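Q: My questions will all concern the structure given below.
Laboratory data are not the source of any read-out in this text; all were calculated from the coordinates shown. Note that the structure is a prediction, hence the values are computed from the model and not measured. Note: ideal-geometry Cβ built from the backbone for every residue, glycine included; neighbour counts use all protein chains shown.
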Amino acid sequence: MNLSLFRSLFLLASFVNACTAFSLEFVVGGNRRRGGRRNGSTGLNAGERISEVLEPTQFTGKLEELAGSNQLVVVNFSTTYCGPCKIMMPTWEALSDEYPNVVFLKCIGDKTPELKSLMKSQAVRAVPSFQFFKGGVKVDRVDGAKKEELAKKLKEHAT
């Protein structure tokens, strides 16, 4: 390998590494406030009100538990490799703080084959997919990284 080609590859690799580190800091750490608290009134760290669905029975159990009530449940269906899902996470966490009477769940569909099947059963074809349930019945959904639409639908169904 000649020296100029080696240098070019090294510079390209360094650039990609720097961009990856920057984007991870922006997505993961850039939107967090120092001290880890989003809402001083709750005393919770950002996202602590969000429960992760680890198996399908958790999901169906929660819907069955709240079937007789008018309680709003919002589920964030995502995957570990989804960039838009990661970008939406700070918004999702902030909304969970803003609406303490809403049940927030997240389901990461590529963690297990069972969760992947759960996503299929809920007609998730693209991620992120935010689905709204009241009385155990699906009442609405927002597909894609649409912050304003998610906030609007949440406000509409939470009141």
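Q: Which of the lysines could a cross-linker bridge to LYS116, judged by Cα under 27 Å and excluding same-chain residues fewer than eight apart?
A: Cα-Cα hits under 27 Å: LYS62, LYS86, LYS106, LYS134, LYS138, LYS146, LYS147, LYS153.
Q: Within segment 58-91, which chymotrypsin sites (Phe, Trp or Tyr not before Pro) sit in a loop by DSSP and count at most 15 neighbouring Cβ atoms inside 10 Å?
A: Values: sites: PHE59, PHE77, TYR81; in loops: TYR81.
Answer in residue order: TYR81.
Q: Loop only by DSSP, 11 or fewer other Cβ within 10 Å of the Cβ. Give me the trypsin sites (Lys or Arg not before Pro) in segment 83-149 that pass, ordered by residue number.
A: ARG125
Q: If you stretched the chain out fully between ASN101 and SER117, how much longer would it get, using 0.36 nm times the residue separation minus the C-alpha to C-alpha distance?
A: 2.9 nm
Q: Starting from the 7 Å offset along Cα-to-Cβ, what nm value, one decimal, do you get for the label separation of LEU54 and LYS147?
A: Calculated label separation equals 3.2 nm.
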